[in-house]
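This report concerns only the one structure given below.
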Protein chains: 2
Amino acid sequence: MVGWRDSNGDLIARQLSSKPRPYDAGGDGGKGLSHLCLERLAYVPVLPEVLRGKHEIVEGDSRECVGGHEVICGLFPRLSSPHGGHAPLRMVHVAPCAAPAEDQPQQRPLRLGVVLSGGQAPGGHNVIIGLHDYLQRWHPGSTLVGFLGGPAGVMNNRYKVLTADELDGYRNQGGFHLIGSGRDAIAKAEQLAAAEKTCLELDLDGIVVIGGDDSNTNSNTMAEHFLKQGLKTNVIGVPKTIDGDLKNTDVKASFGFDTACKVFSEMIGNIMIDAMSAKKYYHFVRLMGRAASHVTLECALQTHPQLALICEEVAAHRWGLKDVVRQVADMVAQRAELGKNFGVVLIPEGLVEFMHDVSELITELNELMAQGVNAHDQAEIIARLTPESADLFQNLTPGIRSELLEERDPHGNVQVSHIQTEKLLIKLVGQELMRRKAAGTYRGKFAALAHFFGYEGRCSLPSNFDATYCNALGQAAGALVASGRTGLMATVGNLAAPANKWTVGGTPLLSMMHLERRSGRDKPVIKKALVDLHGAAFTSYTSMRAIWAIQDWCRSPGPIQFKGPSADLATITLALEVNEGQPCLLQHLHDDE
Amino acid sequence: MVGWRDSNGDLIARQLSSKPRPYDAGGDGGKGLSHLCLERLAYVPVLPEVLRGKHEIVEGDSRECVGGHEVICGLFPRLSSPHGGHAPLRMVHVAPCAAPAEDQPQQRPLRLGVVLSGGQAPGGHNVIIGLHDYLQRWHPGSTLVGFLGGPAGVMNNRYKVLTADELDGYRNQGGFHLIGSGRDAIAKAEQLAAAEKTCLELDLDGIVVIGGDDSNTNSNTMAEHFLKQGLKTNVIGVPKTIDGDLKNTDVKASFGFDTACKVFSEMIGNIMIDAMSAKKYYHFVRLMGRAASHVTLECALQTHPQLALICEEVAAHRWGLKDVVRQVADMVAQRAELGKNFGVVLIPEGLVEFMHDVSELITELNELMAQGVNAHDQAEIIARLTPESADLFQNLTPGIRSELLEERDPHGNVQVSHIQTEKLLIKLVGQELMRRKAAGTYRGKFAALAHFFGYEGRCSLPSNFDATYCNALGQAAGALVASGRTGLMATVGNLAAPANKWTVGGTPLLSMMHLERRSGRDKPVIKKALVDLHGAAFTSYTSMRAIWAIQDWCRSPGPIQFKGPSADLATITLALEVNEGQPCLLQHLHDDE
């Protein structure tokens, strides 16, 4: 047998008994946290002032469901009626304590659980740490357990007790590896019963669910279920998703979006400068973000690409694949006339689902597969598609046809996130340009490279913004649970102000819901926030894109910094949405802490 | 027609006349340098002390060619004999000036050209700026022209005069877009004649070629040619390549390697933490670096992956594709026994060429193509391959077969850099694991994702190390040209010391050469530095890899920092090669400037 594995045992023994490698700053024989990770352990996020002294929860404005209010309230009768002595469907705020200290309720120790649900997002550890620090400060002697491997851990009662010592090693660190995550749902009767059993066994006062729209839709169901069963366990959600599509009037941002967009923008900026330097390639960059195009839009504002496709616009205009291909080809042809045969195109991961013809084709394919048609029998499949879909299918590349037929999720549906849309577009744009060349309307060169960024941005060290925002969210979740509230999402607001002036509170999960047609039935779910085509972020882009298409005003944001003037800047999207375009800055004010 | 382009003119006009967008820090209506790029403009690299005061060039040790000394000297009779009043084949150093100031030769204005050759590498602009600053300080009134689009610009006499004003906008910035680059060679008689014509027309005292081993092989030829023709134009090379394979006794590092490895390591570290958090995927990451595996090795030392394939080791053991697949599968199987079905595998871009069977197949395919065999006729191709190659070819995936046949460079050869080795390995490892599962020797799950990083690291903002190193290299090149030397590569040494103590000089390009068999002939070329299997970098990796394979000691280096303790650290490779494993730190000492 070839290779170095023959002497494994020896090597391991020798290494572990030897002194630490000198290049390893951790001094732990190759395990090492990197120098920067070690530096980040010492970062202290600014805590909003309102959480620094004695505080209480006060009720604010009432809220209605985003849609289908009556129906949804009917489905969640306890959450939509007064419960636990609290009015339903109200925003709440953490406010400085009005009552004298001696009148404060006793700060008894609490028993809390926390779970990470769904895809990774930078800052998750800081939410847990914020929650922990809140309990330590205001409810000393409390116990915090972290459920392992996501919601499955809640249902199977698999957890570990989170101690200050262990958590100190995860401060401001990326990843979800402290307790892991998972994509299981707690939604059906038996799942809810399993979760209930765990909460009873662990005698939990509350459970904090760190997740996206689907996970928090389930948090709402769990909150209702626990109320119905008379459990004391309160359920609080925390808005997590790099996609940035979990936001509304009260939730101004989901955590992780800031950092992930900055990581992607760093890469895109580098590629843009490379395109401009080498002058020979178009780079087609697909970006994570399946339902909404916030990530692509933020990256476009950060980097000024020649074209960024935005799913919501594609859907609004009912553009099909040909329309999209024509737009890209138009841009390439326009630049060729200026002697430029290079550039960058940004493509949201979900694009295929938003082009009406491709979306229709996928629906038809899903139905055929459900009927048991052989995925390898393309002739049979083509025969059973509608003529339009059959035509489209036959014009796709063989690779994409295979991906559509063979990459299927556990439910048997086409796995849209595995479709290499960037390669499909390169191929089709190339064909379109060949046609134009033959017709004499295009005389450029078209060579293109494909990229996909997603996993790169989910577990990076959280930016100062995400580190600070997550810590505040965790503390907010602690305050909400401690106050006996349930069915709320933790919120941190006033983000245009420095972090010490941020507001903290909660908003009813119920108020974020509407009715969505799923599998032929109206289902109450948290409404995803799509890109608003009249919003400041999109119109900022549209006001510039015709120029960015032909000029090379590439902007390279560079790597995320943790020190220096640019370290405390939040996203351009946030600046446009909450601060009239002025940069949102943390503006650390450690001196007043 | 769909889309937003209908009203282009309007939008452009409105935008350009309006006030700058508030989110745009550059205040130039969307053109903007990013905040961080603006910050970096103000960074002042430490200048080695020896360049701060009056200095002169002194001759050091003599050098011989790496191989074929006699033959190569015969081919370059002028460079290998005394020329321009200087001894041939000698290292030179910049040293504090021994003679009193009044005896100094007059610092007359010089006319210099500079050209970027080959692929982008972070720091290129700083070389040009270092050169410019040297001329401004020591030869005021000098003219520096930058040739446009690489060596083609030299041959076509396309250039722009580089002024202080313009260069100030490129200080410490990534990319080669100031003057562009290109891959043309100046090697044949007519190319040399064209370059000669330009140098005469521009009356150049010297030309500085910023390039890799091939480009500098040509610099040496150009230096010899200019001597032969009696031109005054001296030729000086600067070692540039992110691959890190242009180094020797005198050249301790090529610029760009530091930054590019850090960018790739940032991404790999993020992916490793993601793998460890989600616990469901293997990530196969291919990295740029075709001939040598320095990049993969440095990234492995930075991030501690479960496996990093190193081409030089593959070649040394004459491993074939099956051996490599078996190694990866062994690691996956070993981890499965520990309940771990996730991890990260690093793959150097050039791997396919280093596996003896694949390399043989590629050679045979290149020959068949040269004979005019139809790339689409796979049956014919298989019939004409040797039995071993035919067998291997038939076992490849259809996608890889197409890449081998259809992706060809201008010379008709297989375009190795376009082969998605990571996908090939995923497929074959998956098949191997299926066999083991059937045999009952493996019970894990194997789901894998593919990544390729290359373009992302070539044009990023240079690290503090590269910014400082490049500035010193540019200044060194200026000192060499000014001294009337030709055929040297600029060198900066003593890199284990703080940057103010770095040494500066040059080494004969001729001494870096050996004879290499190319197209059936011995050709004198600069010898690429491959990974030394007995060197400190590789043995550091081998001493740990058995542990990293099974433990999850992932190390996430995080984004490059420009401020703070980790900002001034160079690569682990450099630490091991020049500083016995102790970190190389710039340790800025601005106070003594």
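The modelled label-to-label distance for the pair B:GLU70/A:VAL161, using points 7 Å beyond Cα in the direction of Cβ, is 8.1 nm.
Close amide H pairs (under 5 Å, H built 1.01 Å from N) link B:ARG111 with B:THR143, B:ASP205, B:GLY206, residues at least 5 positions away or on another chain. Taking a straight Cα-Cα cut-off under 15 Å and skipping sequence neighbours fewer than 8 places away in the same chain, the aspartates and glutamates within cross-link reach of B:LYS437 are B:ASP330, B:GLU337. When shorter helices are ignored and each DSSP H run of at least 4 residues is given -39500 (n - 2.57), the per-residue value for chain A at 222 nm works out to -12500 deg cm²/dmol.
A full extension of the chain between B:ASP409 and B:GLU59 corresponds to an added length of 121.7 nm, given 0.36 nm per residue minus the alpha carbon distance.
Take B:GLY339, push a point 7 Å out from Cα through the beta-carbon direction, and compare it with the same point in every other copy: 6.5 nm, smallest first.
Rg and Dmax of chain A, both derived from C-alpha coordinates alone, stand at 25.7, 86 Å. Distances between placed amide hydrogens fall under 5 Å for B:HIS55 paired with B:CYS97, all partners being 5 or more residues away or on another chain. The phi-based Karplus calculation (6.51 cos²θ - 1.76 cosθ + 1.60; θ = phi - 60°) puts the 3J(HN,Hα) values of region A:71-77 at 4, 5, 4, x, 7, 10, x Hz, whole numbers, x for Gly and Pro. Once the Cβ-Cβ distance of B:ALA447 and A:ARG521 is raised to the sixth power relative to R0 = 25 Å, the FRET efficiency obtained is 0.20.
Report the relative contact order of chain A, percent, no decimals, based on alpha-carbon pairs under 8 angstrom and at least 6 residues apart. Answer for chain A is 21 percent. The DSSP beta bridges internal to the protein assembly as shown are antiparallel in roughly 45% of cases. With a 10 Å cut-off around each Cβ of A:171-180, the average count of Cβ atoms from other chains is 4.
By per-residue mean of other Cβ atoms within 10 Å, what is the highest-first order of A:82-92, A:223-233? Please list the in-between numbers first.
Numbers: A:82-92: 16.0, A:223-233: 19.5.
For the peptides A:82-92, A:223-233, the packing ranking is A:223-233, A:82-92.
Sorting A:363-371, A:576-584, A:541-549, B:70-78 by their mean Cβ neighbour count within 10 Å, with the most densely packed peptide first, gives A:541-549, A:576-584, B:70-78, A:363-371. Karplus-based coupling profile of region B:547-556, in residue order and whole Hz: 6, 4, 4, 9, 7, 10, 8, 3, 10, 9, with θ = phi - 60° in 6.51 cos²θ - 1.76 cosθ + 1.60 and x standing for Gly or Pro.
A simple spin-label model places pseudo-atoms 7 Å from Cα toward Cβ; at A:VAL44 and A:ASP377 they are separated by 7.0 nm. With a Förster radius of 45 Å applied to the C-beta separation of B:ARG137 and A:ALA95, the computed FRET efficiency comes to 0.10.
The other copies place their A:THR163 label points at 6.8 nm from this one, listed shortest first, where each point is 7 Å from Cα along Cα→Cβ.
In order along region B:457-472, phi translates into HN-Hα couplings of x, 7, 10, 6, 4, x, 4, 4, 4, 5, 4, 6, 4, 5, 4, 5 Hz, rounded to whole numbers, per the Karplus curve 6.51 cos²θ - 1.76 cosθ + 1.60 with θ = phi - 60° and x for Gly and Pro.
Among the listed pairs A:LYS240/A:LYS279; B:LYS240/B:LYS563; A:LYS252/A:LYS279; A:LYS423/A:LYS523; A:LYS279/B:LYS528; B:LYS160/B:LYS240, a Cα-Cα separation exceeding 30 Å is found for A:LYS240/A:LYS279; A:LYS252/A:LYS279; A:LYS423/A:LYS523. Here region A:182-201 and region A:113-164 have alpha carbon centers that stand 17 Å from each other.
The listed peptides A:254-262, A:512-520, A:564-572, ordered by packing as a protection proxy, come out as A:254-262, A:564-572, A:512-520 (highest mean of other Cβ atoms within 10 Å first). Take each residue in A:453-466, count the other chain C-beta atoms within 10 Å of its C-beta, and the mean is 5.
Can you give me the orientation-averaged projected area of the convex hull built on the Cα atoms of region A:258-458, in nm²? Projected over every direction and averaged, the Cα hull of region A:258-458 covers 11.7 nm². Distance between the pseudo-spin-label points of A:MET434 and B:GLU190 (7 Å out from Cα toward the beta carbon): 3.1 nm.
For peptide A:330-340, the mean count of partner chain Cβ atoms within 10 Å of a residue's Cβ comes to 1.
Here, each number is a calculation from the coordinates, and none is a lab measurement. Computed from a predicted model, the values in this text were never measured in an experiment. With ideal geometry, Cβ positions are generated from the backbone for all residues, glycine too; neighbour counts draw on all protein chains shown.
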